[in-house]
Amino acid sequence: MRDNLKQCPFCGDDRVKMDDDGWESIGQPARQWHVVCWGGCGARSGTYNSESEAVTTWNTRASDPMAEAMATHIEDIDRELNIFGFVSPTTLVNAKSTAKSFREATK
């Protein structure tokens, strides 16, 4: 499980480790788990009752519709370049439109 941790979503560092609180409390499991970025930012996940739950939660990323749209445009451009050796004007217009929307949304 520990080897399957994704890099830190905040700073991108790969020095991400599983940790546990190491003590028992009344009514609580003997161990509670969390993930910590030992790299640049020190981000820490919430605390979970199992190691697998902590890993799954850490590795789950929120979807970003704009990033997904741009990834689709990049795939379209790459496919057209590989097949035809050029990119159609329509594909370029669609990609530029999405990029413009992104810039306006992040102002």
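The values are calculated or read from the model by the stated rules, or taken from the named source; none is laboratory data. This is a predicted model, so every value here is computed, not measured. Glycine gets a Cβ as well: all are built from the backbone with ideal geometry, and neighbour counts include every protein chain shown.
Taking the stated definitions as given, is residue 76 free of Cβ contacts under 8 Å to residues at least 40 places away in the same chain, within 30 Å of residue 33 (Cβ to Cβ), out of contact with any strand residue (DSSP E or B) (no Cβ under 8 Å at 6 or more places or on another chain) and acidic (Asp, Glu)?
no
Please report, ordered by residue number, the helices (runs of 4 or more DSSP H) entirely within segment 43-107 with at least 3 residues that are outside the structural domain of residue 10 (by TED's automatic domain parsing), of a type outside the set (Ser, Thr, Tyr) and exposed (fewer than 15 other Cβ atoms within 10 Å of the Cβ).
Of the helices (runs of 4 or more DSSP H) lying wholly inside segment 43-107, those with at least 3 residues that are outside the structural domain of residue 10 (by TED's automatic domain parsing), of a type outside the set (Ser, Thr, Tyr) and exposed (fewer than 15 other Cβ atoms within 10 Å of the Cβ) span 65-84, 89-105.
Could you check how many residues of segment 21-42 are surrounded by 11 or more Cβ atoms within 10 Å (Cβ to Cβ) and modelled with pLDDT of 65 or more?
13
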